[in-house]
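All remarks here apply to the structure that follows.
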Amino acid sequence: MKIELKKLNALQHAVLPFSEVIDLKDEKMYGRNPFQSPVYVEGEVSNESGVLRLKGSIRTVYSTECARCLKPLDIPLEAEADMILSDDPEAEEEDDLFVLTGDSVDPADVLVPALILQVQMTYLCKEDCKGLCPHCGADRNEVDCDCDKKQIDPRFAALRALIDSDEDKST
């Protein structure tokens, strides 16, 4: 949804609310398309004594999996932005400044980057997730696998043989 700013520039202290549902199903992150749920965008564009300001929020559900056990997760995500809109092409884009390229603004162009910044690199299904067994692949949260708990790294097998031979000599 594009918001035309010409009308808003003409009126002092004018406020133009917006609300829409956008589709980010084609947005890729980490090789996946995690935004399969609708994305809700709402807020307002206002003219505050000649300064255009966009205040808004964006919310959706981020679909991913646990970093340890690969269980599917749906994480609610929400972000807010309060940006000054500038049509000065030489203005440097800062944290609270959005440089316009025309006479209109799409709130999604301002709010979607704020939402993406809320995404963490990894998520866990629970804080103490035990993950998958590296040997048999069983989910350790659901079953205790029968894998040898004392399996050692093959690079240390020679040291293990020395320890075992020392134990045999002492008995």
Legend entry - Nonlocal amide H pairs with Gln36, under 5 Å, H built at 1.01 Å: Ser63
Inset, instruction - Could you go through the stretch 125-140 in sequence order and give the Karplus-derived ³J(HN,Hα) for each residue, using 6.51 cos²θ - 1.76 cosθ + 1.60 with θ = phi - 60°, rounded to whole Hz, and x for Gly and Pro? - result: 5, 7, 4, 9, 4, 8, x, 9, 5, x, 9, 10, x, 5, 6, 5
Legend entry - Mean Cα-pair separation over length for the stretch 53-171, i.e. relative contact order, pairs under 8 Å, 6 or more apart, %: 22 percent
Inset, instruction - Please find the FRET efficiency linking Ala138 to Ser57, where r is the Cβ-Cβ separation and R0 is fixed at 41 Å, and quote it to the nearest 0.05. - result: 0.45
Legend entry - Computed magnitude of the charge dipole of the stretch 1-150 (debye, nearest 20; Cβ of K, R +1, Cβ of D, E -1): 740 debye
Legend entry - Charge-dipole axis of the chain as Lys and Arg at +1 and Asp and Glu at -1 on Cβ define it, positive-most pick from Gln12, Met1, Tyr40: Tyr40
Inset, instruction - Compute the acute angle (0 to 90°) between the alpha-carbon long axis of helix 107-116 and the principal axis of greatest extent of the alpha-carbon atoms of the chain; round to the nearest 10°. - result: 20 degrees
Inset, instruction - Give the cross-link partners of Lys71 among the lysines, using a straight C-alpha distance below 19 Å as the criterion and excluding same-chain residues fewer than 8 apart. - result: Lys126, Lys130
Legend entry - With Cα atoms, 0 to 90° folded angle of helix 157-170 axis to the chain main axis: 40 degrees
Inset, instruction - Determine ³J(HN,Hα), in whole Hz, for all residues of the stretch 65-72 in sequence, where each value follows from phi through the Karplus function 6.51 cos²θ - 1.76 cosθ + 1.60 and θ = phi - 60°; x replaces Gly and Pro. - result: 9, 4, 5, 9, 10, 6, 5, x
Inset, instruction - Could you pull out every residue, at least 5 positions away or on a different chain, whose amide H is within less than 5 Å of the one on Arg68? Hs are placed 1.01 Å off N in the peptide plane, and Pro or chain starts have none. - result: Cys125
Legend entry - Alpha-carbon centroid distance for the pair the stretch 58-81 / the stretch 7-52, whole angstrom: 21 Å
Legend entry - Fully extended contour minus Cα-Cα distance, from Asp164 to Asp23, at 0.36 nm per residue: 44.5 nm
Legend entry - Test item: Cα-centred dipole of the stretch 22-103, Lys/Arg +1 and Asp/Glu -1 on Cβ, debye: 900 debye
Legend entry - Charge dipole (the stretch 39-171, unit charges on Cβ, about Cα centre) - positive-most of Ala114, Thr64, Ala158: Ala158
Inset, instruction - Report the Stokes-Einstein translational diffusion coefficient (µm² s⁻¹, integer) for the stretch 41-133, Rh taken as the Kirkwood radius over Cα pairs, at 37 °C with viscosity 0.692 mPa s. - result: 213 µm²/s
Legend entry - Sum of -39500 (n - 2.57) over DSSP H runs of 4+, divided by residues of the chain (222 nm, nearest 500): -5000 deg cm²/dmol
Inset, instruction - Could you check how many percent of all C-alpha pairs in the chain are farther apart than 28 Å? - result: 50 percent
Legend entry - R0 of 25 Å, Cβ-Cβ distance Leu11-Glu80: FRET efficiency to nearest 0.05: 0.50
Inset, instruction - Return the distance in nm (one decimal) between the two label points of a simple spin-label model at Leu117 and Glu92, each offset 7 Å from Cα along Cα→Cβ. - result: 1.6 nm
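FYI, it's all coordinate maths here, none of it is from the lab. Quick caveat, the model's predicted, so the values are computed rather than measured. Positions of Cβ are generated from backbone atoms using ideal geometry, with glycine treated the same way; all protein chains shown enter the neighbour counts.
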